[in-house]
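Notes for the one structure printed next.
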Amino acid sequence: MKKKEIPIDIQNWHINKWGTEKLPIGGAVPFHSSYGYKTGNWSARKPFVDQEKCTGCLNCFYYCPDSAIEMQEIDGKYVAECDFNYCKGCGICVQHCPVNAIEWTKVRWHTK
């Protein structure tokens, strides 16, 4: 999985405290976003992608509110993969998959 980075436009907005007037088009206010905080342990359920079924339609990628879905090239085909460091387990990707390639799975978190 690739390391997530805050886009430079958003970094500049934050550093310079520009306010909403200079917020980049399509930009999201970076406070409390998944980019700065790993929030993947918030849920007891996680989406797992069956990469054989995945058609690479990008529905899950576009609908994920936390940018936790990444597209990976495997054998010349792009398929979805979930970054569990950032997935909060909302299930939006599961609901929007037209071929049912994403399924919910319970996750057991190990505690000390």
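The table below lists the values:
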item: FRET efficiency, GLU103 to ILE8 (Cβ-Cβ, R0 25 Å, nearest 0.05); result: 0.10
item: Net charge of neighbours whose Cβ lies under 14 Å from the Cβ of ARG45, counting Lys and Arg as +1 and Asp and Glu as -1; result: +3
item: CYS57 versus TYR78: modelled label distance in nm, points set 7 Å from Cα along the beta carbon direction; result: 1.5 nm
item: Neighbour net charge for LYS77 - beta-carbon separation under 14 angstrom, K R +1, D E -1; result: -4
item: Filter on LYS38/LYS106; LYS38/LYS88; LYS38/LYS77 - keep pairs with C-alpha separation over 21 Å; result: LYS38/LYS77
item: Cα pair distances of the stretch 62-105 binned at 10 Å [whole percent]; result: 27, 57, 16
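Only the coordinates and a few stated rules stand behind these numbers; no lab work does. Nothing here was measured: the structure is a model prediction, and the numbers come from that model. Cβ coordinates were reconstructed from backbone atoms using ideal geometry, including for glycine residues, and neighbour counts include every protein chain displayed.
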